[in-house]
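Values in this text are rule-based calculations from the coordinates and carry no lab data. These numbers come from a predicted model, not from an experiment. We place every Cβ from the backbone using ideal geometry, glycine too, and count neighbours over all the protein chains shown.
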Amino acid sequence: MKKTQGLLFLLILILMGSFTTDAKRTLPKVDVKTLDGKIVNTSSFQNNGNPIIISFWATWCKPCVQELTTIADVYDDWREETGVKLIAISVDNSRTSGGVLPLVNGKDWDYEVYLDENGDFKRAMGVGLVPHTFLLNGKGEIVWQHTSFTEGSELELINLVRKLKKGESISN
Amino acid sequence: MKNSLRAFLIVAIMSFGSKAILAQVLGGGEVHGSFQADAQYYKKDSTIGADAIPQKMAVNAFFEMRYTNKNFEAGMRYELFMPPLQGYDSRWKGNGFGYRFLRYRNKQIDITAGNFYEQFGTGMILRSYQEWNLGFDNSLDGVRVKYKVKGITLTALAAKQRYYWSLGPGLIRGIDGQLSVNDLIDKWADAKTRVFLGYSFVSRFQTAQDPIFKLPENVAAQAARIELYRGKYNFKMEVGTKINDPNASNSMIYKSGNAVMAEFGYSKRGLGFSIQAERVDNMDFRSNRNSTGFDLPVGYIPAMTRQHAYSLAAMYPYASQANGQMGLQTTLIYKLKKKTLLGGKYGTSVNINYSISNSINKSKINDSTAIGQAGTLGYKSDFFKLGDEKYFSDFNIKIHRKLSRKWNVSLMYMNVFYNMLINEGHAVPNVKANIGIADIWWKFKPYNSLHLELQSLFTKQDQGNWSSAMLEYNNHGFFAAAILLYNQGITGQYASAYYPYATMGYTHSATRITLGYGRQREGIVCVGGVCRAVPASNGLSLSINSSF
């Protein structure tokens with residue numbers, strides 16, 4: 001075990017050494033599943049040069065469902081105004097993932113929804129607690145992230161999308 | 001330790017000295033990760049089973065980091081339990097790198113060495129996963145290769161399973177193939193019906209030196225699955241079997257195991273319906289035949305019940321019985337249209353769910369052998385016959401309505417049946433409970449809101465009636481909440497008890513800090529805009545989460 005620890009220290013340092021801050025963060029390449037069974041790689045997410053919101057959620061997570069329900073009410077206006085697209089990533093495991101499609105349709109949500117059943121995408125994005133929301137600019141670079149949802153969070157989100165749309169740079 | 005220290009110094013000098021060279025070789029890479037720490041200062045409290053600990057304070061923490069550069073990825077997680085928070089297995093005590101891996105992938109091939117998480121199909125015969133807040137991690141430590149070609153994904157792996165700070169004794173070998181039928185032939189690509197097929201095979205090797213029984217050293221399990229999608233309809237099914245595997249959880253019987261899970265769904269805009277059924281017989285599959293409880297599961301047999309997010313609704317959760325259960329679950333979600341009499345101005349969402357789980361039928365294999373007798377075939381089971389013992393049932397209905405721009409209301413009713421012996425391992429009486437919940441949001445300014453949550457649970461069994469009230473205030477990223485949980489108790493059996501708890505926190509982008517004080521029951525807590533599982537505690541707690 002000690003030996004592995006030593007090796008790991010080595011690895012950490014190499015990583016630190018190579019860490020370049022000017023590189024913009026992009027989406028990792030992870031396979032997720034559509035609600036009709038297709039495997040899609042997350043690197044193919046795109047929105048014709050417009051911003052993308054990626055929201056990690058689960059059927060059992062109240063604030064997540066609240067966030068997506070709140071945004072659903074204004075989503076048509078958001079899209080019309082900014083061209084933004086919301087991609088909802090369900091982290092439900094095989095116990096509850098069967099409930100994702102009925103919930104999405106039953107709530108009449110108009111999002112692109114994917115299943116991340118065993119949390120591969122969630123881990124690759126460093127998501128701990130849900131809801132966790134990422135904002136991508138038109139070039140597909142991750143420019144902002146946020147965890148938790150409370151009333152009003154959606155207003156901050158759309159304000160950031162508007163800034164992106166105007167070409168202003170944003171960061172956390 | 002001396003060696004690693006020396007390596008540390010050498011590499012430190014080397015890497016900083018030659019940073020420019022390294023940056024050139026590894027340039028363009030990205031480092032990301034996450035961090036969580038939970039610290040709890042304990043006050044002695046016998047009512048909730050939280051004792052004062054000699055260390056006074058317990059800390060669970062992890063720091064995970066990932067490095068990606070083009071097709072290459074490496075990652076690790078440092079974990080610390082000093083000592084573990086109460087409610088977590090004491091075998092977690094310690095600190096070190098609990099997870100590390102190297103990975104290379106391109107469009108066709110994906111190779112991982114080290115720790116990884118994997119799931120075949122629904123996970124019936126293989127699923128490794130991690131739930132940090134529940135203290136669960138059965139990651140596989142070994143090698144995994146995935147190969148993708150036109151509609152086909154093949155996965156092969158050989159590994160041992162993580163067992164707290166060591167590895168389980170069993171060697172796990174597995175293969176899985178997933179086929180997207182429509183992608184095979186161009187003509188089928190746009191067909192209305194989409195078909196997926198899958199097959200997996202998993203084998204566990206563990207030496208056998210039992211003095212009484214001759215045990216199989218290699219235990220094989222296999223599963224086949226199908227998924228069909230056509231318009232508004234979908235159908236999924238998985239069937240699995242396992243050869244004889246006498247083990248501690250099935251009291252050493254030689255019966256082979258099998259499991260069937262099926263799901264049918266119909267959904268369109270404004271309406272979602274699904275029905276699921278499962279039958280599981282002797283399918284507890286672990287990488288150590290002597291393990292029980294949460295130790296070393298290889299297969300994952302989920303509880304087919306709703307996972308509740310209100311603390312009292314989640315008080316009696318079903319524990320899935322991998323060695324025998326027959327269950328059914330159905331869900332209907334419906335949106336009453338906007339601007340109608342029933343739907344109101346903004347529409348109303350109705351969510352109805354019912355689940356039931358029973359024992360499977362069991363009969364003697366012959367007159368002289370008792371059911372489940374060690375060293376025998378155990379029992380016979382009629383596949384279509386329901387057993388006579390009810391394990392669990394849950395009927396719940398939830399209505400959500402946005403009353404105006406400022407007011408939101410959710411109401412929920414739930415009726416639950418909970419078999420004490422099966423779910424908690426101690427004697428009757430079984431619990432029958434009715435639960436009512438009102439959840440009210442008042443958004444009085446664009447970024448300011450008050451949230452009131454009232455819950456009541458009524459039962460004549462176990463610890464009797466419970467009620468809970470929570471008032472929460474949110475302002476931008478700041479929140480403060482007070483929770484009062486009250487157990488009325490049962491005269492002569494359980495004394496009444498109060499659980500007052502106050503918490504506040506602040507979230508800035510992906511960093512969140514919360515502070516809490518008081519008495520908390522274990523379970524799920526949704527406050528300040530996130531949901532998480534918490535252990536029982538009394539005292540002061542501090543949590544920090546961050547992603548970068």
**Q.** Selection from B:Asn290, B:Phe273, B:Tyr163, by position along the positive dipole direction of the stretch B:143-294 (Cβ)
**A.** B:Phe273
Q | Normalised contact order of chain B, rounded percent, pairs of Cα under 8 Å and 6 or more residues apart | A | 10
Q: Can you list which of the chymotrypsin sites (Phe, Trp or Tyr not before Pro) found in the stretch B:241-310 are DSSP loop residues with at most 16 other C-beta atoms within 10 Å?
A: B:Phe294
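Taking beta carbons within 10 Å but only from partner chains, what does the mean come to for residues A:56-68? Before the final figure, lay out the partial values.
Numbers: counts 0, 0, 3, 4, 8, 7, 12, 7, 5, 5, 8, 1, 0.
For this peptide, the per-residue mean of nearby foreign Cβ atoms is 5.
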Q) For the stretch A:22-165, what relative contact order do you get, as a whole percent, if you take Cα pairs closer than 8 Å and at least 6 residues apart? A) 34
Q. In terms of the Cα gyration tensor, with a ≥ b ≥ c the square roots of its eigenvalues, is the stretch B:61-141 rounded because a/c is under 1.5, prolate because a/b exceeds b/c, or oblate?
A. oblate
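Which loop trypsin sites (Lys or Arg not before Pro) in the stretch A:41-148, with loop taken from DSSP, have no more than 14 other Cβ atoms within 10 angstrom of their Cβ?
Details: sites: A:Arg79, A:Lys85, A:Arg95, A:Lys107, A:Lys122, A:Arg123, A:Lys139; in loops: A:Arg95, A:Lys107, A:Lys139.
Those satisfying the criteria are A:Lys139.
Calculated FRET efficiency, A:Ile39 and B:Phe395, Cβ-Cβ r, R0 51 Å, to nearest 0.05?
Values: r = 36 Å, r/R0 = 0.70.
After rounding to 0.05, the efficiency reads 0.90.
Just counting partner chain Cβ atoms within 10 Å, what average do the residues of peptide B:200-207 show around their Cβ? Kindly include the intermediate steps, with their values, before the conclusion.
Numbers: counts 0, 0, 0, 0, 0, 0, 0, 0.
Neighbouring Cβ atoms belonging to other protein chains average 0 per residue here.
Across the residues of A:150-160, average count of Cβ atoms on other protein chains within 10 Å?
On the way: counts 18, 16, 10, 6, 1, 2, 4, 0, 0, 0, 0.
If you average over the peptide's residues, the count of other-chain Cβ atoms is 5.
Take every Cα pair under 8 Å in the stretch B:296-418 that's 6+ residues apart, average their separations, divide by the length, and report that relative contact order as a whole percent. Can you show the working numbers first?
Working: 234 pairs, mean separation 27.4, N = 123.
Answer for the stretch B:296-418 is 22 percent.
If we sort B:446-456, B:425-435 on the protection proxy, mean other Cβ atoms within 10 Å, highest first, what's the order? Don't jump to the answer; show the numbers that get you there.
On the way: B:446-456: 17.1, B:425-435: 14.4.
In descending order of packing, they fall as B:446-456, B:425-435.
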Q) Considering only DSSP states other than H, G, I, E and B, which GluC sites (Glu not before Pro) in the stretch A:75-172 qualify as loop sites with at most 15 other Cβ atoms within 10 Å? A) A:Glu168
Q: Might you report the magnitude of the Cβ-based charge dipole of the stretch B:361-503 about its Cα centre, with Lys and Arg at +1 and Asp and Glu at -1, to the nearest 20 debye?
A: 660
Q) What is the magnitude of the charge dipole of the stretch A:22-165 about its Cα centre, with +1 placed on the Cβ of each Lys and Arg, -1 on the Cβ of each Asp and Glu, and no other charges, expressed in debye to the nearest 20? A) 520
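For B:Leu342, B:Leu542, what's the fewest-to-most ordering of other Cβ within 10 Å of each Cβ? Write out the running numbers ahead of the final one.
Details: B:Leu342 10, B:Leu542 17.
If I rank by nearby Cβ atoms, fewest first, I get B:Leu342, B:Leu542.
About its Cα centre, how strong a charge dipole does the protein assembly as shown have in debye, to the nearest 20, once Lys and Arg get +1 and Asp and Glu get -1 at the Cβ?
Working: 82 positive and 59 negative charges, 175 e Å.
So the dipole magnitude of the protein assembly as shown works out to roughly 840 debye.
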Q | Label-zone membership for the stretch B:272-310, site B:Phe383, 7 angstrom Cα→C-beta point, backbone N under 13 Å | A | B:279-281
(Q) What distance in nm lies between label points placed 7 Å from Cα along the C-beta direction at B:Ile152 and A:Lys165? (A) 4.7
Q) Shape of the stretch B:454-535 from its Cα gyration tensor (a ≥ b ≥ c, root eigenvalues): rounded if a/c is under 1.5, otherwise prolate when a/b > b/c, or oblate? A) prolate
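What is chain B by shape, rounded, prolate or oblate, if you read a ≥ b ≥ c off the alpha carbon gyration tensor as root eigenvalues and call it rounded for a/c under 1.5, prolate for a/b larger than b/c, and oblate otherwise? Don't jump to the answer; show the numbers that get you there.
Numbers: a/c = 1.25, a/b = 1.06, b/c = 1.18.
Rounded is the answer for chain B, as its axis ratio a/c remains below 1.5.
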(Q) Within a 10 angstrom radius of the beta carbon, how do B:Tyr129, B:Tyr501 rank from fewest other beta carbons to most? (A) B:Tyr129, B:Tyr501
Q. Name the residues of the stretch B:482-496 whose amide N is less than 19 Å from a point 7 angstrom out from the Cα of B:Ala502 along the C-beta direction?
A. B:482-486
Q) For q = 0.07, 0.11 Å⁻¹, what log10 I(q)/I(0) does the protein assembly as shown give under the Debye formula with an equal point scatterer on each alpha carbon and no solvent? A) -0.50, -1.37
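By per-residue mean of other Cβ atoms within 10 Å, what is the highest-first order of B:164-170, B:493-499? The partial results should precede the final answer.
Numbers: B:164-170: 17.9, B:493-499: 13.9.
Most protected by this proxy first, the peptides run B:164-170, B:493-499.
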Q: Go through B:236-247, B:481-492 and give me the packing order, highest mean Cβ count within 10 Å leading.
A: B:236-247, B:481-492
Q.
Viscosity 0.890 mPa s, temperature 25 °C: give me the Stokes-Einstein translational D for the stretch A:22-165 in µm²/s, with Rh taken as the Kirkwood radius over C-alpha pairs.
A. 162
Q: Net charge near B:Asn423: determine it from the other residues with C-beta under 13 Å of the C-beta of B:Asn423, scoring Lys and Arg +1 and Asp and Glu -1.
A: -3
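Working out 0.36 nm times the residue gap between B:Ala469 and B:Leu454, then minus their Cα-Cα distance, what length gain in nm do you get to one decimal? Provide the component values of the computation, followed by the final result.
Values: separation 15, 0.36 × 15 = 5.40 nm, distance 0.47 nm.
Using 0.36 nm per residue and subtracting the Cα-Cα distance, I get 4.9 nm.
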Q. If you take the beta carbon distance between A:Thr69 and B:Phe548 as r and set R0 to 35 Å, what does 1/(1 + (r/R0)^6) give as a FRET efficiency, to the nearest 0.05?
A. 0.75
**Q.** Added length on full extension, which subtracts the Cα-Cα distance from 0.36 nm per residue, B:Asn366 to B:Leu342
**A.** 2.6 nm
